[in-house]
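Q: A single structure is presented below for examination.
The values are calculated or read from the model by the stated rules, or taken from the named source; none is laboratory data. The model shown is predicted, which means the values in this text are computed figures rather than measured ones. Side chains included, ligands, DNA and RNA excluded: accessible areas come from the protein's heavy atoms. Shrake-Rupley method; radii C 1.70, N 1.55, O 1.52, S 1.80 Å.
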Amino acid sequence: MAMNLGHQIGTLSGKQIPTEFAAGEQPSSTTASPSVVWKSPAGNLRSNSPQENASPPMLTPPLTPSTAGEWSYLINLQMLRPDLSVACQAFATSSPLEMTVEEVAGTAEWTDGGRKDEKKGVSVFVMMPLDSVTNGNTVNRKKAMNASLHALKSAGVEGIMIDVWWGLVEREAPGAYNWGGYTELLDMAKKHGLKVQAVMSFHQCGGNVGDSCTIPLPKWVREEMEKDSDLAYTDQWGRRNYEYVSLGCDSLLVLKGRSPVQCYADFMRAFKDNFKHLLGDTIVEIQVGMGPAGELRYPSYPEENGIWKFPGIGAFQCYDKYMLSSLKAAAEAAGKPEWGSTGPTDAGHYNSWPEDTPFFKKDGGGWNSQYGEFFLSWYSQTLIEHGERILSSASSIFEATGVKISVKVAGIHWHYGSRSHAAELTAGYYNTRFRDGYLPMAQMVARYGAVFNFTCIEMRDHEQPQDALCAPENLVRQVGLATKEAQVPLAGENALPRYDESAHEQILKASSLNIDGSSNDREMCAFTYLRMNPSLFQPDNWRRFVAFVKKMNEGKDSRRCWEQVEREAEHFVNVTEPFVQEAALALMP
């Protein structure tokens, strides 16, 4: 006798899924529930990127991912499974879609993908759109969000990552917090059984590669920066960067009677107080923003207004009066007061290459001089101390809540093969051919029991422009060794949207942390996938993604081949389609 749909899904998931309910009975939270039925949106979907499934362009750096160009992707809705087309349709329209039945919680899980009783493999989280919460403090595309969270849970995803924007929550006045949309969004995640990585985003959205929306710093912070432009990071030409308040004034009462670090701490404390009922259960991680794009770095390569283009070396950001004051004090303490009036003036421009500059050239470059060692040590140590101040506050605030704290570090892989590693140096990472710049950061993170989160995990060396001496694989390996020595957990993210098996295989390889032949018991503690969007729900992309999540959850000790996992994924996708349709129809009035 052929198995019914409930038995088929139960076989795949290892759970008994009932297919019949008594009159008036609703499925419980532990059983599969139907998707919802949607009305088709009006209007056409327009395409700006017809080659979405191809490998991404090479000349793109690993900045904080965003959704630029993703929502306009051309989707053949007839080819999609009904439950996935819900998410695609809703994301592709600017107005919310109507539902013909009430939303129902729960999913049909493909196990080993949800929360595991015994830890094995690498849990996968998925980044939410940058604009998941609107300027009006409501959930953006609510119907789409519900449908998409349903689909992600069914694929075995552990949870989602959400940017909690300082510029939205504390927008109007100091201490006036509006958690509106986040309350609703976090409740939705809990309803679907998804864990949450909450990012304390103290930076501006907009101005980095791919930023698809603009969320500036709080209004009252911008007012203070307008009064005192030195609160903004500044380059040697006097150009100000308003993505993030300069770390030079971390401890100064320059923001309406509070210091920037006090503002960040108060924000995190208010978040904890407002969502304490979700901490440790639904909210399992707090990623603390520490700079532009949420990363612990200087804004050395801003894309806004075409200032910087990949693979330029970037520029030092130490010319506001507060940073220069710190530099002067450090020079005097070193017995070299003449070094304290300015940063390097021979380090080229944002789009220079190392060998075009006296400071970064491989032979006789200033970076390898006594002055260079002094300046770069001060520049990088000041950044690490900034991270430590914020991390100290976060660890204290979230102590005993059951959540992990994490810090994000950028994967600056271009010019990595040069001696000076110029692009890393301008960002504040004192990493050269002769010095490990990631170990001090890993040690700082380890002191607080936090997680070191790193990007560009999906990249391969040969995919990048060789003339720029890009080496993402070597960079990931170096970070893996540094975190191992510091005994700090390592988590990863992909830097660019990738849906191909080549990228998935590279992520699997990198997340296994088989670096030096002695890492048999070590894997990444989590991986966050960029990003939930219509392209992810394309039939082929979705099938590959489901298989990828399964493989990640199984861990590096799995002996099963990729083809076997993909066959199981294909069967799961197919068998879920009629089940979701049937359940939805059964609930219609």
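Q: Tally up the carbon and sulfur contribution to the accessible surface of the stretch 447-566 as a whole percent, 1.4 Å probe, everything protein left in place.
A: The value for the stretch 447-566 is 45 percent carbon and sulfur by accessible area.
Q: Right, next: What lysines sit close enough to Lys321 to cross-link, taking a C-alpha to C-alpha distance under 21 Å and skipping anything fewer than 8 places away on the same chain?
A: Output for Lys321: Lys227, Lys256, Lys336.
Q: Excluding residues fewer than 8 places away in the same chain, name every one of the lysines whose C-alpha is closer than 20 Å to that of Lys190.
A: Cα-Cα hits under 20 Å: Lys116, Lys142, Lys143, Lys153, Lys272, Lys276, Lys404.
Q: Quick query: amide H of Ile283 versus all other amide H atoms, modeled in the peptide plane; which residues come in under 5 Å with a sequence gap of 5 or more or a different chain?
A: Correct list: Val196.
Q: Now a separate question. Pull out the extension gain between Glu226 and Glu172, defined as 0.36 nm times the separation in residues minus the alpha carbon to alpha carbon distance; nm, one decimal.
A: Numbers: separation 54, 0.36 × 54 = 19.44 nm, distance 1.58 nm.
Taking Glu226 through Glu172 to full extension adds about 17.9 nm, to one decimal.
Q: Per-residue accessible area for Ile215 at 1.4 Å probe radius, Å² rounded to 10?
A: About 10 Å², ignoring ligands and nucleic acids.
Q: Based on Cα coordinates alone, diagonalise the gyration tensor for the stretch 366-466, multiply each eigenvalue by 5, take square roots, and list the semi-axes in whole Å, largest first.
A: Semi-axis lengths for the stretch 366-466 are 28, 19, 8 Å.
Q: Accessible area per residue of the stretch 251-377 at 1.4 Å probe, in Å²?
A: Heavy-atom SASA per residue in the stretch 251-377 reads 40 Å².
Q: Would you please report the Å³ per residue occupied by the convex hull of the alpha carbon atoms in the stretch 403-531?
A: 112
Q: Measuring with a 1.4 Å probe in the full set of protein chains, what accessible area per residue, in whole Å², belongs to the stretch 397-553?
A: In whole numbers, the stretch 397-553 has 29 Å² accessible per residue.
Q: What are the ³J(HN,Hα) couplings of the stretch 328-335, residue after residue, when phi is run through the Karplus curve with 6.51, -1.76, 1.60 and θ = phi - 60°? Round to Hz, x for glycine and proline.
A: For the stretch 328-335, the Karplus-derived couplings read 4, 5, 5, 5, 5, 5, 7, x Hz, x marking Gly and Pro.
Q: Starting from the eigenvalues of the Cα gyration tensor, five times each then square-rooted, give me the equivalent ellipsoid semi-axes of the stretch 205-300, largest first, whole Å.
A: Whole-Å semi-axes of the equivalent ellipsoid: 26, 17, 12.
Q: Still on this structure, please answer the following. Which lysines, if any, have their Cα less than 20 Å from the Cα of Lys509, not counting same-chain residues under 8 positions apart?
A: Within the straight-line cut-off, Lys509 pairs with Lys119, Lys120, Lys484, Lys550, Lys551, Lys556.
Q: Which values, in whole Å and largest first, are the semi-axes of the equivalent ellipsoid of the stretch 282-369 obtained as the square root of 5 times each eigenvalue of the Cα gyration tensor?
A: Computed over the stretch 282-369, the values are 27, 21, 12 Å.
Q: What percentage of the solvent-accessible surface of the stretch 235-306, computed with a 1.4 Å probe over protein heavy atoms, is contributed by carbon and sulfur atoms?
A: C and S fraction of accessible area: 43 percent.
Q: Take every Cα-Cα pair in the stretch 147-249 and report what % of them are more than 19 Å apart.
A: Cα-Cα pairs of the stretch 147-249 separated by over 19 Å account for 55 percent.
Q: Here's a follow-up. How large, in percent, is the carbon and sulfur part of the accessible surface of the stretch 361-444 at a probe radius of 1.4 Å? Write down the numbers at each step before the final one.
A: On the way: 1150 of 2710 Å².
The computed percentage sits at 43.
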